[in-house]
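The values are calculated or read from the model by the stated rules, or taken from the named source; none is laboratory data. For clarity, every value in this text was computed on a predicted model and none was experimentally measured. Every residue, glycine as well, gets a Cβ built from its backbone with ideal geometry; the counts of neighbours run over all protein chains shown. When the accessible area is computed, the model is the full protein with side chains, heavy atoms only, and any ligands, DNA or RNA have been set aside. Shrake-Rupley method; radii C 1.70, N 1.55, O 1.52, S 1.80 Å.
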Amino acid sequence: MKASDYDKLGQKEYGTVTAEREIPLHVEALRGERQSDGYRDISFAVIFVVHLIVVLGVSFSVFYDYAKVNSILDLAYEKNRHLLGFVIKCACVTSILTFVAVSLAISQAEFLIKFGLIFCCSMSYLIFQLSPICGGIVFAINSYYACQVWHRIPFAAVNLKTGTTAARSNSGLFLLAVLFFSFGVIWTICWSFSTVSISLKTQCDGDYCYTQSNMYNFIMFLLIISYYWTTQVLSNTVHVTVVGTVGSWWYNPTSASSCCSSAVSGSYARATTYSFGSICFGSLCAAIFSSLQQVVENSDLEGDILACIASCILHCLRDIIEHFNKWAYIYVGLYGYSYIEAGKNIIQLFKTRGRTAIITDMLVQSSLNFVTFSIALITGFFGLVINAQHEAFGEDELYYAPLVGFIVGLVVSSNFMTILQSASDTIVVCYAESPAEFQFNHPDLYNEMRAVWLKTYPDQFSS
């Protein structure tokens with residue numbers, strides 16, 4: 001959808017569809033403006049691409065030299081072909097279970113969110129049994145939180161149902177998630193080759209290796225930033241693509257109603273061109289804090305009280321940046337804002353709807369975490385069945401089958417669940433800004449959401 005499409009849709013019939021009393025307060029103050037096509041924050045995109053070329057170039061060079069001498073590809077395939085087949089079959093089982101979960105998220109959204117809250121309390125109770133002090137505090141906090149937000153579950157459930165419906169209508173998003181997950185695996189392998197090679201060349205000269213110098217530490221720090229930066233860019237690119245697709249589904253559902261719809265391809269194209277610099281900008285901010293935390297946690301000061309405090313502060317800052325980025329990228333994906341401009345809009349959103357947005361996000365996240373854990377457990381069970389046919393593990397290693405199956409299920413399903421989380425968060429923003437379009441294009445879902453909104457937040461509708 002082009003820049004003008006959103007404007008046309010917002011300025012024609014939709015404004016007269018709903019009576020004034022049905023529009024939530026602050027809509028006009030919140031609503032963003034679609035930006036003209038153009039590259040945003042391009043300098044960060046250029047820096048990212050250059051750094052990626054350098055790291056991948058070093059990796060391919062090392063891999064080629066090593067493979068030429070050791071025939072690493074043939075050796076790796078021969079030793080691990082059974083394990084590879086086992087992992088692929090577990091991933092297929094996880095994919096099937098995930099699509100069952102998607103159907104449940106539409107038909108039983110409220111049940112999943114309630115069970116997700118109960119699941120969080122149950123896990124904290126188990127921690128309480130192992131560590132009475134820390135576990136007791138966590139259990140008390142989770143129980144109090146569950147009691148306070150229980151009445152908000154219906155609204156979060158409708159958001160999850162609506163977001164899941166939008167994602168399922170554009171199932172190509174799940175294929176995109178698989179593709180970018182594969183990119184992440186490849187990147188991790190390439191980065192590992194580059195890091196080992198650069199580390200050896202920096203520290204060693206022939207058979208003699210130097211102690212770690214300041215230059216070595218600085219290069220390693222840059223490599224850590226490189227790893228986190230790239231993984232953040234990959235995940236945030238998928239997030240922005242989902243946001244753009246759900247936005248198209250909200251405003252113009254005819255363009256977002258098939259597997260590889262024009263909304264999916266158009267949103268992906270914008271995420272990897274016009275908005276790519278903004279994605280790189282925000283991802284770099286989060287990567288720096290993640291890298292600093294990693295350095296502190298692995299420093300020689302481990303166990304030192306100051307190091308513990310610094311690690312805790314950096315962890316909190318990283319979480320704040322990542323949470324801020326998640327919402328800022330919604331404005332990037334919906335309207336094409338630069339990263340800074342999107343941040344300004346997010347601040348305005350939090351001023352008027354911050355509590356609603358955050359609580360809805362947390363409720364949906366807890367339910368999706370429960371779904372992810374359940375899928376991982378079921379995949380672990382199927383791991384035993386698959387191993388009986390595939391024989392990836394011998395009798396003395398049989399316990400690896402459910403463990404590897406659980407890990408595969410956890411990783412793959414969490415990758416899929418991020419699609420639903422992104423879609424649900426986008427719905428929160430879209431409903432805050434454009435409820436009339438929602439009523440016109442999706443009247444059944446609108447009526448359901450409006451009913452729970454009036455029940456949950458009766459004071460936030462204009463009269």
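Computed values, structure above
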read-out: Condition check for Tyr329: closer than 30 Å to Ala263 by Cα, of a type outside the set (Val, Ile, Thr) and either open to solvent by less than 10 Å² (accessible area, probe 1.4 Å) or at pLDDT 80 or above (or both); value: yes
read-out: Long-range neighbours under 6 Å by Cβ, at least six apart or interchain, first residue on the phi > 0 side of the Ramachandran plot within segment 179-190, second surrounded by fewer than 16 Cβ atoms within 10 Å (Cβ to Cβ); value: none
read-out: Residue satisfying condition, being in a helix (DSSP H, G or I), open to solvent by 10 Å² or more (accessible area, probe 1.4 Å) and more than 30 Å from Arg450 (Cβ to Cβ), within set Cys147, Cys92; value: Cys92
read-out: Evaluation of Glu397 against (1) crowded, with 24+ Cβ neighbours inside 10 Å; (2) free of Cβ contacts under 8 Å to residues at least 60 places away in the same chain (one fails), failing number; value: (1)
read-out: Per-region count, segment 359-390, residues within 18 Å of Leu117 (Cβ to Cβ), among the β-branched types (Val, Ile, Thr) and either over 23 Å from the mean Cα position of the chain (by Cα) or crowded, with 22+ Cβ neighbours inside 10 Å (or both); value: 4
read-out: Test: Phe324 is assigned to a helix (DSSP H, G or I) and either open to solvent by 60 Å² or more (accessible area, probe 1.4 Å) or at pLDDT below 80 (or both); value: no
read-out: Long-range neighbours under 7 Å by Cβ, at least six apart or interchain, first residue open to solvent by less than 60 Å² (accessible area, probe 1.4 Å) and among the aromatic types (Phe, Trp, Tyr) within segment 282-311, second assigned to a loop (DSSP other than H, G, I, E, B) and modelled with pLDDT of 75 or more; value: none
read-out: Residue identified as over 17 Å from the mean Cα position of the chain (by Cα) and open to solvent by 20 Å² or more (accessible area, probe 1.4 Å) among Ala263, Ala256, Ala269; value: Ala269
read-out: Flag if Gly343 is in a helix (DSSP H, G or I) and touching a residue at least 40 places away in the same chain (Cβ under 8 Å); value: no
read-out: Residue match in segment 223-231 (condition: among the small types (Gly, Ala, Ser), under 19 Å from Gln294 (Cβ atoms) and either open to solvent by less than 40 Å² (accessible area, probe 1.4 Å) or at pLDDT below 90 (or both)); value: yes
read-out: Check on Pro443, at pLDDT 90 or above and open to solvent by 10 Å² or more (accessible area, probe 1.4 Å); value: yes
read-out: Residues satisfying the stated conditions in segment 176-195, i.e. over 14 Å from Leu234 (Cα atoms) and open to solvent by 70 Å² or more (accessible area, probe 1.4 Å); value: Ile189
read-out: Residues located in segment 400-410, provided they are open to solvent by 10 Å² or more (accessible area, probe 1.4 Å) and touching a residue at least 24 places away in the same chain (Cβ under 8 Å); value: Val404, Phe406, Ile407, Val408, Leu410
